[in-house]
1. Helix 2-36: angle to the longest alpha-carbon principal axis of the chain, degrees 0 to 90, nearest 10?
2. Between residue 311 and residue 275, what is the FRET efficiency for a Förster distance of 30 Å, r being their Cβ-Cβ separation, to the nearest 0.05?
3. Test of understanding: express the Cα radius of gyration of the range 84-155 as a ratio to 2.2 N^0.38 Å, with N the residue count.
4. At a 10 Å Cβ-Cβ cut-off, how would you order 267, 103, fewest neighbours first?
5. When the chain is modelled as a GNM with alpha-carbon springs shorter than 10 Å, which of 280, 158, 297 fluctuates the most?
6. For the range 95-172 and the range 61-86, write down the distance between their C-alpha centroids in whole Å.
7. Within a 10 angstrom radius of the beta carbon, how do 188, 218 rank from fewest other beta carbons to most?
8. Given a Förster radius of 35 Å and the C-beta distance between residue 201 and residue 60 as r, what FRET efficiency does 1/(1 + (r/R0)^6) yield to the nearest 0.05?
């Protein structure tokens, strides 16, 4: 019996020591990442969130401001990689870390669902006097943009959606399977122990799925903000975002026929994360006047095809009528 107790005690001590070592490694990694890639924007408080925002270019009375919303497990650097800078030559461009992502935070108890995120973006647009805005949404950011247009139509002049998530899928892309842990306690434990080492070990395979068949830019980790995913907060936020989808997205997708703003969609034919037929074609079939444009490429168009993405957005904005630069009607 004494031998058994000794073995159990040894194993318990080994597990505890392993957890402590992993937690210390995770904390050290997060600090190093934030030292290399610090927040570069300003912080704006809105109901339920503190948003990290970068604002480029100048507002023009004859052209709407452009507000850009990133996807799952991403942050605003996906747009500042190249798209935002090029657009800012002719537009005011506002890029934001979604609540909980990048350097933005969610207030305790605030939902991660699409309506809550859309409300935060609507409040940001009003605070900055940037509406009605042309809203660009990539991947999950596309679902947020669509929710914004349906629930806060007064702040939206039009939508430019890049490989958007528009319909709930039955499965989860393998790249995001680790985000499906149901238990809050286990999610936090994994976030502070296994998530970061596992992400480092599987990074090549994950990036190949997310970017493929296109190559991952060599500077994506820094210029594209990829390293920011190596923080426990990034894992927890992405998990909350993903798990909040089933409660709200089906309700949003039932209302697509109500959209009355111009909607343009750009999709890569070889997207390995979201199917263009199930999310692109299915959306434009429901939205009056919506258009779908297909290109050779994968899911990360704002990073892999900067010039093509800019041209797509410019064309969509050019098609809008003149819109006041301030959101006087929003109140």
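1. 30
2. On the way: r = 24 Å, r/R0 = 0.79.
So, using R0 = 30 Å, E works out to roughly 0.80.
3. Details: Rg = 12.2 Å, N = 72, 2.2 N^0.38 = 11.2 Å.
Compactness ratio reported: 1.10.
4. Numbers: 267 25, 103 20.
Ascending Cβ contact count within 10 Å gives the list 103, 267.
5. So, out of 280, 158, 297, the one fluctuating most is 297.
6. The two parts, judged by their Cα centres, are 12 Å apart.
7. Values: 188 15, 218 8.
By the 10 Å Cβ count, ascending: 218, 188.
8. Working: r = 47 Å, r/R0 = 1.36.
Step by step, r from the Cβ atoms, then E = 0.15.
Rule-based calculations on the coordinates, nothing more; no lab input. For clarity, every value in this text was computed on a predicted model and none was experimentally measured. Positions of Cβ are backbone-derived with ideal geometry, glycine not excepted, and every protein chain shown enters the neighbour counts.
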